[in-house]
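J.: Starting off with a structure, shown below.
The values are calculated or read from the model by the stated rules, or taken from the named source; none is laboratory data. Only a predicted model underlies this, so the values are computations on that prediction, with no experimental measurement involved. Here Cβ is always computed from backbone atoms with ideal geometry, including for glycine, and neighbour counts include all displayed protein chains. SASA here: full protein model, heavy atoms, side chains in, ligands and nucleic acids out. Shrake-Rupley method; radii C 1.70, N 1.55, O 1.52, S 1.80 Å.
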Amino acid sequence: MAEPHYPFNEIEPKWQKFWDETGLFKVDEKNTKNKFYCLMMFPYPSASLHVGHGRNYIIGDVVARYKMMNGFNVLTPMGWDAFGLPAENAAIKGGLHPRISTLANITTMKKQLNRWGVGYDWAREVTSCLPDYYKWTQWIFLKLYEKGLAYKKKAAVNWCPSCNTVLANEQVISGKCERCDTDVTQRDLEQWFFKITAYAETLLKDIDKLTNWPERVKIMQRNWIGKSEGVEIDFKIADSNKILTCFTTRVDTIFGATYMVLAPEHSEVDDLIKGAVNEKEVRSFIQKAKNETMIERSATNAEKEGMFTGKYVINPVNGRKIPLWIANYVLMEYGTGAVMAVPAHDQRDFEFAKKYNLPIEVVIDNPKGKLNAALMKEAYIEDGVMVNSSQFDGLSNREAMGKIADWMEQKKIGKRSVNYRLRDWLISRQRYWGAPIPIIYCDKCGMVPVPEKDLPVLLPEDAEFRPHGESPLARSRSFMDVKCPKCRGKAKREPDTMDTFVDSSWYYLRYLSPKDDKKPFDREVVNKWLPVDQYIGGVEHAILHLLYSRFITKVLYDLKLIGFDEPFKNLFTQGMIVKDGAKMSKSKGNVVSPDILIDKYGSDTVRLYTLFIGPPEKDAEWSDRGVEGAYRFLGRIWRVAEQITNHPPSPKASADVRRSFNKGGHKFQLTSEASKKLRRKTHQTIKRVTEDIEQGFHFNTAISATMELVNEIYDAIQEAKEGLGDDPTLKEAIKTVAILLAPFVPHISEELWRKWGNKESIFKLKWPAYDKSLIIEEELELVIQINGRVRSKILVPKDSSELDVKEKVLIDEKIKQWIGDKPIKKFILVPDKLVNIVI
RNA sequence: GGGCGAGUGGUGGAAUGGCAUACACGAUGGACUUAAAAUCCAUUGGCCGCAAGGUCAUGAGGGUUCAACUCCCUCUUCGCCCACCA
């Protein structure tokens with residue numbers, strides 16, 4: 001290898017040690033003046049980090065260091081989302097105990113983070129798989145239980161036959177297991193749920209409070225909660241007293257309801273079909289529909305299938321008798337599990353009606369041309385004019401919606417209602433590597449929560465964690481057999497563990513008092529430090545983790561345990577780094593390891609390239625070539641700094657630097673013109689970098705702005721005469737470069753800063769302000785366009801009047817030629833920028 | 001099917017109504033060197049032209065405007081998220 005551009009391998013470990021020893025990132029939680037809580041999503045401790053992971057921590061580190069330099073008291077902690085499937089799966093395959101492999105991974109990752117130069121207040125480290133943490137996860141469970149927000153019910157759950165475990169709806173991706181891609185089936189099991197639906201409205205409404213969240217994350221959360229407003233309508237079953245209620249968002253189409261459909265699981269179905277002529281067929285149809293796996297039922301082009309029950313219901317608005325069907329496309333979990341079908345104005349109903357030859361009736365006409373039900377090829381779902389709807393005929397359907405709802409409420413045949421797509425959060429996992437649910441079952445006393453003083457419920461060491469379709473904990477007698485806390489009689493523990501999303505939904509509170517063994521967090525301290533000022537993480541957590549954290553925060557707020565109801569004030573979601581067009585993964589063999597790159601180029605280079613690769617919120621393609629470019633840039637800074645600042649170059653400096661120093665040619669004197677120009681560029685760069693960081697983390701353009709400044713320093717030196725001493729303008733420029741880049745490339749900046757004779761860390765420095773008077777250009781280049789095309793350019797003094805400009809423009813040779821003798825129709829001046837002449 | 005985002009040189013990208021292609025990578029040439037590497041300097045969107053210069057280009061087509069990568073409409077390709085939600 002060629003001689004290094006600069007001795008990164010010496011300076012980087014030195015400064016990492018220095019920051020650690022001087023406690024640069026240590027925070028006293030009692031000092032909340034100018035506090036800034038900078039939080040990165042804590043990682044799952046997998047084998048090792050790649051450069052894609054690095055982006056998150058590097059961005060966070062830049063924010064932390066930048067805020068530090070702006071006088072903030074920055075809290076930047078790190079921890080480990082350490083429970084979870086991969087470690088357990090590895091253990092099942094015959095590897096180490098999950099605790100051992102997880103803790104080993106944590107050690108490795110910590111080293112990697114340190115090598116990246118990413119700083120944390122490590123005294124606050126939390127690890128969710130250790131009892132001193134999960135004790136409090138269990139405590140939070142108990143709080144929800146006391147409030148009636150944690151409950152158990154038998155539920156059809158998603159079951160992964162391969163992982164042998166239950167999956168949350170969120171972990172089922174188009175009918176397949178999120179982790180192993182196996183088709184998901186259904187099972188009925190007793191499961192623990194958190195009643196997140198009780199907070200659906202608040203979670204939705206308060207999205208508006210999250211002003212500094214990416215719009216798309218907010219949209220995803222809104223869609224996930226999925227509020228829809230409509231009307232619940234009662235349909236009487238013909239020749240019976242029974243009533244079936246359905247939910248619709250399109251009450252304006254009620255007069256066009258020509259049949260009704262129930263979900264196969266609907267509770268009334270059994271009764272309804274009893275004794276029907278085709279009872280047998282209907283029963284077998286229902287059985288088939290129930291057996292359909294998630295994938296069959298949710299496939300895009302799933303065939304809509306149904307069967308007539310033999311029964312009829314009465315449409316309450318017009319007394320019409322309409323047939324009652326059962327169909328696989330109606331979901332029991334949403335609304336009431338019963339749907340009024342309006343084939344003319346709903347595409348699914350339309351397809352179903354065509355297939356089974358059910359009547360189609362138009363009740364909303366297309367203003368652009370009359371609809372004919374017999375000729376329609378698809379449902380008309382647009383707005384239009386009400387027809388065949390008795391007293392509502394002639395109204396626009398939008399208007400009719402409200403009027404029909406009013407009328408139905410008045411007549412007591414329907415009432416306004418709201419539905420959410422959000423389901424309760426299923427937290428039970430039949431797994432070993434998670435926090436045990438702190439519940440005891442006693443034959444006498446029933447379900448008994450573990451008393452707070454008995455927490456934590458420890459994971460047993462003797463569990464055999466191979467899945468058998470029940471929790472591995474169920475096979476540990478030492479764990480299961482327990483005395484009832486109430487009657488001291490024989491009792492059994494709950495063998496299930498909690499979803500790891502529970503662990504990660506409150507960790508940001510624990511960082512403020514990570515060692516406290518009396519309580520999960522300190523109310524007073526937490527209220528001062530939270531909400532988090534800047535949260536940074538991957539967009540893949542846009543829905544689940546962020547929604548669950550918001551939910552838990554709101555519950556704790558309602559319990560008066562904390563004084564704020566949203567955990568994260570500002571959110572930044574960084575894009576993924578891909579290689580060869582694909583997400584980095586071991587199986588694809590496209591993982592770029594930071595360790596090799598840091599050995600070769602140093603961590604400042606890896607950091608700089610990671611930040612320069614593109615806008616941080618967007619996905620980016622990794623290029624090893626680009627890394628070299630970043631490396632060269634740092635070398636350029638190092639060399640020019642050695643030349644300008646008149647310090648003996650290091651023995652490793654390039655040959656020409658050493659030679660020039662020995663010849664005494666390292667001193668430069670700028671002409672006053674050049675000096676003025678460079679000072680202007682220096683201050684313009686301060687402005688640009690500051691604004692780029694402040695206004696949306698545009699690190700890539702902040703770096704290119706500094707590159708421009710460095711290029712200009714090189715230009716200035718080229719033109720400079722050898723002089724008597726250091727040129728103050730050159731010194732100011734190179735110092736500015738070091739300071740502006742300090743958050744991005746902290747080691748080299750710190751080293752240069754020290755070399756220039758400063759005793760304190762560069763991060764104790766105040767972020768520079770630019771001098772407004774210096775960035776003004778007195779003379780500007782004005783672009784002259786003819787009919788919108790650039791034809792010439794002239795120099796004019798700043799703030800020239802239109803008259804002065806016009807005079808100058810019209811005597812310009814090129815412009816004279818272009819205009820010729822054609823009359824000028826318009827003369828547009830954008831002050832200090834451009835002129836457009838229309839001829 | 002719905003929602004969101006994107007499409008700019010050989011490549012990553014910059015410009016959010018005002019000089020399209022900043023900055024970087026790559027490439028080419030030069031200086032230095034016995035040589036190479038490194039470094040420094042120069043050139044680098046296409047086409048026409050010796051040149052001055054002209055002309056065409058921001059996925060395609062249309063519109064608004066003195067002026068459009070930027071705003072509006074239609075279409076198209078790709079990515080992500082959701083998806084039989086009544």
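J.: Take the alpha-carbon centre of region A:473-518, take the same for region A:264-286, and report the distance between them in whole Å.
T.: Comparing the Cα centres of region A:473-518 and region A:264-286, I get a distance of 44 Å.
J.: With a bin width of 5 angstrom, please list the P(r) values of region A:679-804 as percents of all Cα-Cα pairs, from the 0 bin to the one holding the largest distance.
T.: Taking all Cα pairs of region A:679-804, the binned fractions are 2, 9, 15, 17, 17, 14, 10, 7, 4, 3, 1, 0 percent.
J.: Can you pull the percent of chain A's accessible area that's carbon plus sulfur, 1.4 Å probe, other chains left in place?
T.: Of the solvent-accessible surface of chain A, carbon and sulfur hold 51 percent.
J.: Please give me, ordered by residue number, the GluC sites (Glu not before Pro) of region A:350-431 that lie in loop per DSSP and have at most 14 other Cβ atoms within 10 Å.
T.: A:Glu378, A:Glu382
J.: What net charge is computed for the residues neighbouring A:Lys321, neighbours being all others with C-beta under 11 Å from the C-beta of A:Lys321, Lys and Arg scored +1, Asp and Glu -1?
T.: Its environment carries a net charge of +2.
J.: Right, here's the next one. Put +1 on the Cβ of each Lys and Arg and -1 on the Cβ of each Asp and Glu in chain A; which of A:Thr165, A:Phe827, A:Leu780 then has its Cα farthest toward the positive end of the dipole?
T.: A:Thr165
J.: Here is a further query. So which aspartates and glutamates can A:Lys280 reach, going by Cα to Cα under 15 Å and dropping same-chain residues fewer than 8 places off?
T.: Cα-Cα hits under 15 Å: A:Asp270, A:Asp271.
J.: A follow-up question, please. Of the listed pairs A:Lys111/A:Lys687; A:Lys67/A:Lys218; A:Lys368/A:Lys403, which have alpha-carbon separations greater than 29 Å here?
T.: Checking Cα-Cα distances, A:Lys111/A:Lys687 exceed 29 Å.
J.: In whole Å, how far is the Cα centre of region A:314-341 from that of region A:550-616?
T.: 47 Å
J.: Picking from A:Ile693, A:Ile233, A:Ile839, whose Cα lies most toward the positive end of the charge dipole for chain A (charges on Cβ: Lys, Arg +1; Asp, Glu -1)?
T.: A:Ile693
J.: Continuing with the same structure: Near A:Lys519, which aspartates and glutamates are there with a Cα under 12 Å away, not counting those fewer than 8 places off in the same chain?
T.: Result set, ordered by chain and number: A:Asp132, A:Glu452.
J.: Next up: Quick check: with the 1.4 Å probe, what order do A:Ser800, A:Ser476 take by accessible area, largest first?
T.: Correct descending sequence by accessible area is A:Ser800, A:Ser476.
J.: While we're here: Filter the GluC sites (Glu not before Pro) in region A:429-525 to those in DSSP coil with at most 16 other Cβ atoms within 10 Å of their Cβ, and list the result.
T.: Answer by residue number: A:Glu461, A:Glu464, A:Glu470.
J.: At q = 0.06, 0.09 Å⁻¹, what is the base-10 log of I(q)/I(0) for chain A according to the Debye formula with one equal point scatterer per Cα and no solvent? Please give it to two decimals.
T.: Each listed q corresponds, in turn, to -0.59, -1.04.
J.: When DSSP beta bridges are limited to those with both residues in chain A, what percentage is antiparallel, rounded to the nearest 5?
T.: In chain A, DSSP labels about 75 percent of beta bridges as antiparallel.
J.: Okay, next question. I need the phi-derived Karplus couplings for region A:303-313: 6.51 cos²θ - 1.76 cosθ + 1.60, θ = phi - 60°, integer Hz, Gly and Pro marked x.
T.: Along region A:303-313, the couplings run 5, 7, 10, x, 8, 6, 7, x, 9, 10, 10 Hz.
J.: If we sort A:51-60, A:314-323 on the protection proxy, mean other Cβ atoms within 10 Å, highest first, what's the order?
T.: Ranking, from highest mean packing down: A:51-60, A:314-323.
J.: Using the crude model of +1 on Lys and Arg Cβ and -1 on Asp and Glu Cβ, and no other charge, please compute the dipole size for chain A relative to its Cα centre, in debye to 20.
T.: Magnitude of the dipole: close to 840 debye.
J.: Please tell me the relative contact order of chain A in percent, rounded to the nearest whole number, where contacts are Cα pairs under 8 Å and at least six residues apart.
T.: 14 percent
J.: Which distance in Å, rounded to a whole number, links the C-alpha centroids of region A:424-463 and region A:775-803?
T.: 75 Å
J.: Are there trypsin sites (Lys or Arg not before Pro) in region A:678-771 that DSSP marks as loop and that have at most 11 other Cβ atoms within 10 Å, and which are they?
T.: Answer by residue number: A:Lys759, A:Lys766.
J.: Now for a different question. Over region A:348-490, average the accessible area per residue using a 1.4 Å probe and give it in Å², no decimals.
T.: Heavy-atom SASA per residue in region A:348-490 reads 55 Å².
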